Amino acid sequence: MRGCIVAAGMDHLLVRSNGPLRGTVAINGAKNSVLKCMAACLLAPGHHRIENVPAITDVSIMADVLSAMGATVTHSGRGVEGALDVDVPSEITPVAPYELVESIRASIVVLGPLLARYGHAKVSMPGGDDFGARPIDMHLRALEELGAAFVSAHGYIEGSCERLVGTKVVLEYPSHTATDNILMAAVLAKGTTVIENAAREPEVIDLCEMLGSMGARIEGAGTSHVEIEGVDELAPASHRAISDRVEAATFLAAVGLAGGEVQLDHARPDHMDMLIRKLRAVGVTCVPNSRGILASSDARLSSVDVSTLPYPGVATDYKPALVTLLSVADGVAIVSENIFAGRFRYIEELRRMGARISIEGHHAVVRGVRRLSGAQVKAPDIRAGAALVLAGLVADGETEVGGVEHIDRGYEDFAGRLRALGADLSRVAEDQ
């Protein structure tokens with residue numbers, strides 16, 4: 001991909017407590033929307049444009065996936081001014097290679113559009129963050145109901161079909177990526193497809209809006225009942241991605257931990273109702289305004305129980321930042337993980353910093369302490385990595401966060417943007 005600038009991996013961040021945060025931060029485009037919209041470009045030949053695209057590693061990898069198939073992808077600008085131009089030829093190679101797909105789980109969503117438009121797809125089993133088992137059986141089963149046939153061998157899933165045919169698909173769980181995959185398969189299927197128990201996330205609605213601008217006929221986006229009337233062909237389109245609610249949550253948690261007052265431009269409070277309710281209960285003031293959200297905090301936080309649930313519940317991606325927040329709150333909180341069984345693997349790193357957290361099954365019992373202690377820790381995934389950086393904002397001494405390449409996957413210039421708000425942190429190359 002030409003033009004996308006992402007930071008090199010194998011660096012580490014040095015973080016020191018430096019008092020309250022103050023200023024303004026612009027919330028970038030949603031990673032989990034942009035990646036799916038990029039996959040949607042495969043549904044129509046021609047020139048597509050996606051705006052509000054952050055310069056992050058996951059976007060760069062997905063661009064390489066599309067490029068490996070024959071598309072031309074160019075990234076320009078940064079932050080909210082970032083944009084992707086995607087040129088899709090009339091004929092592509094419908095293969096997503098292992099060396100790219102192993103790095104990004106969201107790449108599985110190319111399966112639906114490839115089958116819908118080309119009738120064939122060969123996709124490596126996806127990689128990405130390690131949260132424990134996240135099988136793609138739901139994707140394959142739904143696509144089989146639409147008429148696809150699959151074989152699996154040598155680490156690849158190979159699918160084929162004549163033309164997909166609309167049907168009723170009932171998801172056993174409202175999976176975000178499965179809903180995206182079915183949507184992109186169904187828009188070119190013959191007849192009508194109904195998705196029951198569909199995911200309701202804002203990013204799903206955003207994908208539907210892009211598909212609609214391409215000529216798709218979709219009703220019920222954002223509800224658990226979605227109907228798609230297949231069309232014979234789609235046209236390229238331009239689309240502006242929504243803001244990243246998980247990035248917004250990260251900066252809201254940063255204000256809660258360090259204190260101060262920060263304006264989050266472009267944040268969407270309507271996408272974070274339950275999160276904002278929890279943050280207010282903890283003691284973080286969140287005031288929606290015409291620009292986004294004004295966040296402030298000036299006293300010790302209070303503990304509150306949290307359970308992750310499908311949207312509109314508290315997202316599992318919010319949890320590492322919330323656990324970090326609760327680790328210095330007054331009282332005891334129980335945090336229950338109901339989405340991914342393995343998503344407590346960063347807890348040991350927080351313990352190294354003096355957090356009092358115990359794991360009981362899919363529950364974390366968080367006993368708040370007044371301050372954490374700086375230590376050498378390592379990011380196991382995107383959101384946990386960001387949370388460990390936030391922990392350093394309220395830790396005595398210096399915190400060294402390794403595995404920064406994980407953070408780069410989901411945050412553009414995370415260190416620089418926190419530093420602009422008054423945080424004391426620096427990025428150091430591994431060989432220094």
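The values are calculated or read from the model by the stated rules, or taken from the named source; none is laboratory data. All values derive from a computational prediction rather than experimental measurement. Using ideal geometry, Cβ is built from the backbone for each residue, glycine included, and neighbour counts are taken over all protein chains shown.
Might you check whether a residue that is under 18 Å from the mean Cα position of the chain (by Cα) and either modelled with pLDDT under 95 or hydroxyl-bearing (Ser, Thr, Tyr) (or both) occurs anywhere in the range 322-336? No, the range 322-336 contains no residue that is under 18 Å from the mean Cα position of the chain (by Cα) and either modelled with pLDDT under 95 or hydroxyl-bearing (Ser, Thr, Tyr) (or both). Is it the case that residue 368 is within 19 Å of residue 426 (Cα to Cα), in contact (Cβ under 8 Å) with a residue 60 or more places away in the chain and more than 18 Å from the chain's Cα centre (by Cα)? For residue 368, the condition - within 19 Å of residue 426 (Cα to Cα), in contact (Cβ under 8 Å) with a residue 60 or more places away in the chain and more than 18 Å from the chain's Cα centre (by Cα) - is not met.
Within the range 337-362, count every residue that is touching a Leu at 6+ places or on another chain (Cβ under 9 Å) and not acidic (Asp, Glu).
8
The C-beta contact set for the range 97-124 (first residue closer than 13 Å to residue 177 by Cβ, second residue among the acidic types (Asp, Glu) and part of a helix (DSSP H, G or I), distance under 8 angstrom, 6+ apart or interchain) comprises 104/58; 106/58; 109/180; 112/180. Exactly one residue out of 192, 179 is in contact with a Gly (Cβ under 9 Å, 6 or more places away or on another chain) and either of a type in the set (Ser, Thr, Tyr) or surrounded by 19 or more Cβ atoms within 10 Å (Cβ to Cβ) (or both), and it is 192.
The set of residues from the range 57-90 being assigned to a strand (DSSP E or B) and under 16 Å from residue 30 (Cα atoms) comprises 75, 83, 84. Could we say that residue 126 is touching a helix residue (DSSP H, G or I) at 6+ places or on another chain (Cβ under 7 Å), farther than 26 Å from residue 413 by Cβ, at pLDDT below 90 and not aliphatic (A, V, I, L, M) here? So residue 126 passes the test.
Search the range 68-123 for residues being among the basic types (Lys, Arg) and farther than 15 Å from residue 53 by Cβ, and hand back the single one that is surrounded by the fewest Cβ atoms within 10 Å (Cβ to Cβ). That would be 122. Is it the case, given these coordinates, that residue 266 is buried (at least 18 other Cβ atoms within 10 Å of the Cβ), touching a residue at least 24 places away in the same chain (Cβ under 8 Å), closer than 30 Å to residue 44 by Cβ and in contact with a strand residue (DSSP E or B) (Cβ under 7 Å, 6 or more places away or on another chain)? Criteria met by residue 266. Checking the structure you have, find out if any residue of the range 351-360 is under 25 Å from the mean Cα position of the chain (by Cα) and touching a residue at least 24 places away in the same chain (Cβ under 8 Å). Checked against the condition, which is being under 25 Å from the mean Cα position of the chain (by Cα) and touching a residue at least 24 places away in the same chain (Cβ under 8 Å), the range 351-360 yields no hits at all. Scanning the range 91-107 for residues that are acidic (Asp, Glu) and in a loop (DSSP other than H, G, I, E, B) returns 91, 102. The condition (being modelled with pLDDT of 95 or more and in a loop (DSSP other than H, G, I, E, B)) is satisfied by just one residue among 351, 370, 343: 370.
The residue list 360, 337, 398 contains one member that is acidic (Asp, Glu), at negative phi and touching a helix residue (DSSP H, G or I) at 6+ places or on another chain (Cβ under 7 Å), which is 337. Within the span defined as the range 35-53, every residue fails to be buried (at least 20 other Cβ atoms within 10 Å of the Cβ), closer than 25 Å to residue 399 by Cβ and at pLDDT 95 or above.
Of the strands (runs of 3 or more DSSP E) lying entirely inside the range 192-294, those containing at least 2 residues that are outside the structural domain of residue 410 (by TED's automatic domain parsing) and more than 21 Å from the chain's Cα centre (by Cα) span 192-196, 217-219, 225-229. Selection of the range 365-381 for residues being surrounded by fewer than 24 Cβ atoms within 10 Å (Cβ to Cβ) and not hydroxyl-bearing (Ser, Thr, Tyr) yields 365, 367, 368, 369, 370, 371, 374, 375, 376, 378, 380, 381.
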